[in-house]
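Chemist: Below is a structure I'd like to ask you about.
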Amino acid sequence: MTSLLQPLGPLLPISGALALSVALIAGYWLLRVIREARSRFMPGVAYWAVPGLAALLTAALLDIPALFGVGLAALALAEYWPDAYRPVRSRPAFAWPAVGVILGLAVLPAAWQQVEPLLLVLALVLLLAGVAGLLAAVLYPRPARAALGFQVRWNTALVPEWPELNITLTERGAHLKNVSRGKLLLAGWSPAGVNAWYRVRGENGQVLAELRAGQVALLPVTAWDSGVRVWYGNAGTEPSARLFRADWTPAARASERVLN
């Protein structure tokens, strides 16, 4: 226990107990930043924790007790201010946090070797602020992909040059297979020449929102249907609407079905 009360070499006259307390507070604050970033919140007033921690260390270095009170006040402000973390609509930038980390790493070796406590505190707070910003940017959730819905039925749809879907006709209906290399997002389908809209279902009757490579869906066409139209999107890119067309001779009108 007595060793915690002894001054640290590079940070004279900061004791081990104070350094440990500051490290624990900094760790807690980073965990809070991580939790808020996952909820799409960025530190605002919460960044006052960084100068607050710097004030605690500087108070011991310069023997100015008032700075200790200032540091505690800044920490309380960062923790309890109503809007300490502000909502953001897009991923925060990496540039400024990266600058803080680079400057901190550049200053840290010189401050440690030359035993410059104030310079060392500056390097540590630059690293803390930079790491917090980088964590907030990295852990910010990716925007939810807009789902393809009924509106694509009336929008202009792209017809790929090379088909990504394939149709096989059986007595049960039209079996729709994903012949592409990736996952496809399914919007809906309609028999050719019919103003209808149906959800794509699997062979077990379950509604499918996506079709994996090689996976098959079942379109319950009748003997009088002459084709299908399927609206879908590519899961690997922006989900812009794509259209798959397949036409054949209806079974009720000819003995042979001819696929186009």
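Chemist: How many residues does the stretch 109-127 contain that are without any contact (Cβ under 8 Å) to a residue 12 or more places away in the chain and small (G, A, S)?
Modeler: 1
Chemist: Please count how many residues of the stretch 218-230 are at negative phi and either modelled with pLDDT under 90 or over 35 Å from the mean Cα position of the chain (by Cα) (or both). Don't jump to the end; show me each part of the working.
Modeler: First, pick out the residues of the stretch 218-230 that are at negative phi: 218-226, 228-230.
Imposing the further condition that a residue be either modelled with pLDDT under 90 or over 35 Å from the mean Cα position of the chain (by Cα) (or both) reduces the set to 220-226, 228.
Residues meeting the conditions: 8.
Chemist: Something else about it: Suppose we filter N195, N204, N155 for residues that are more than 29 Å from A251 (Cα to Cα), out of contact with any Asp or Glu (no Cβ under 9 Å at 6 or more places or on another chain) and surrounded by fewer than 19 Cβ atoms within 10 Å (Cβ to Cβ); which single one remains?
Modeler: Going through N195, N204, N155 in turn, just one is more than 29 Å from A251 (Cα to Cα), out of contact with any Asp or Glu (no Cβ under 9 Å at 6 or more places or on another chain) and surrounded by fewer than 19 Cβ atoms within 10 Å (Cβ to Cβ): N155.
Chemist: Which residues, counting only those in the stretch 57-82, are at pLDDT below 90 and among the charged types (D, E, K, R)?
Modeler: D63
Residue-by-condition table, conditions (1) in contact with a Ser or Thr (Cβ under 8 Å, 6 or more places away or on another chain); (2) assigned to a helix (DSSP H, G or I); (3) open to solvent by 20 Å² or more (accessible area, probe 1.4 Å); (4) at positive phi:
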{"position": "V33", "(1), (2), (3), (4)": "no, yes, no, no"}
{"position": "V50", "(1), (2), (3), (4)": "no, yes, no, no"}
{"position": "L53", "(1), (2), (3), (4)": "no, yes, no, no"}
{"position": "L61", "(1), (2), (3), (4)": "no, yes, yes, no"}
{"position": "V70", "(1), (2), (3), (4)": "no, yes, yes, no"}
{"position": "L77", "(1), (2), (3), (4)": "no, yes, yes, no"}
{"position": "P82", "(1), (2), (3), (4)": "no, no, yes, no"}
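Chemist: Hey, another quick one. With the condition being farther than 30 Å from S39 by Cβ and within 29 Å of the chain's Cα centre (by Cα), I'd like the strands (runs of 3 or more DSSP E) fully within the stretch 98-217 carrying at least 3 qualifying residues. Explain how you work it out, then say what you get.
Modeler: Numbers: elements: 165-170, 173-178, 184-191.
Ranges flagged: 184-191.
Chemist: Against the definition (within 14 Å of A129 (Cα to Cα), open to solvent by less than 70 Å² (accessible area, probe 1.4 Å) and either in a strand (DSSP E or B) or not charged (D, E, K, R) (or both)), how does A37 come out, yes or no?
Modeler: It is false that A37 is within 14 Å of A129 (Cα to Cα), open to solvent by less than 70 Å² (accessible area, probe 1.4 Å) and either in a strand (DSSP E or B) or not charged (D, E, K, R) (or both).
Conditions (1) under 22 Å from L119 (Cβ atoms); (2) touching a residue at least 12 places away in the same chain (Cβ under 8 Å); (3) more than 36 Å from the chain's Cα centre (by Cα), marked per residue:
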position: L18; (1), (2), (3): yes, yes, yes
position: L30; (1), (2), (3): no, yes, no
position: A37; (1), (2), (3): no, yes, no
position: P43; (1), (2), (3): no, yes, no
position: Y47; (1), (2), (3): yes, yes, no
position: A54; (1), (2), (3): yes, yes, no
position: T58; (1), (2), (3): yes, yes, yes
position: I64; (1), (2), (3): yes, no, yes
position: A73; (1), (2), (3): no, yes, no
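Chemist: List, please: which pairs have Cβ atoms under 6 Å, are six or more places apart or on different chains, and start with a residue in the stretch 196-224 that is free of Cβ contacts under 8 Å to residues at least 40 places away in the same chain and among the aliphatic types (A, V, I, L, M) and end with one that is open to solvent by 70 Å² or more (accessible area, probe 1.4 Å) and not in a loop (DSSP other than H, G, I, E, B)?
Modeler: Matching pairs, first to second residue: V207/R201.
Chemist: Regarding the stretch 95-108, can at least one residue be identified that is surrounded by fewer than 11 Cβ atoms within 10 Å (Cβ to Cβ), farther than 24 Å from A60 by Cα and either in contact with a helix residue (DSSP H, G or I) (Cβ under 8 Å, 6 or more places away or on another chain) or without any contact (Cβ under 8 Å) to a residue 40 or more places away in the chain (or both)?
Modeler: Filtering the stretch 95-108 down to residues surrounded by fewer than 11 Cβ atoms within 10 Å (Cβ to Cβ) leaves 95.
Subsequent filtering for residues that are farther than 24 Å from A60 by Cα retains 95.
Of the ones still in play, those that are also either in contact with a helix residue (DSSP H, G or I) (Cβ under 8 Å, 6 or more places away or on another chain) or without any contact (Cβ under 8 Å) to a residue 40 or more places away in the chain (or both) are 95.
The answer is yes; a qualifying residue exists.
Chemist: Is one or more of the residues making up the stretch 198-218 under 17 Å from T170 (Cβ atoms) and of a type in the set (D, E, K, R)? Talk me through it step by step, then tell me what you get.
Modeler: If we filter the stretch 198-218 for residues that are under 17 Å from T170 (Cβ atoms), which is where we start, we get 200-205, 215-218.
Those left that are additionally of a type in the set (D, E, K, R): 201, 203.
Yes, the conditions are met somewhere in the stretch 198-218.
The values are calculated or read from the model by the stated rules, or taken from the named source; none is laboratory data. Remember, it's a predicted structure, so these values are computed and weren't measured experimentally. All Cβ positions, glycine included, derive from the backbone under ideal geometry; neighbour counts span all protein chains shown. The area values use the complete protein model at the heavy-atom level, side chains included, leaving out ligands, DNA and RNA. Shrake-Rupley method; radii C 1.70, N 1.55, O 1.52, S 1.80 Å.
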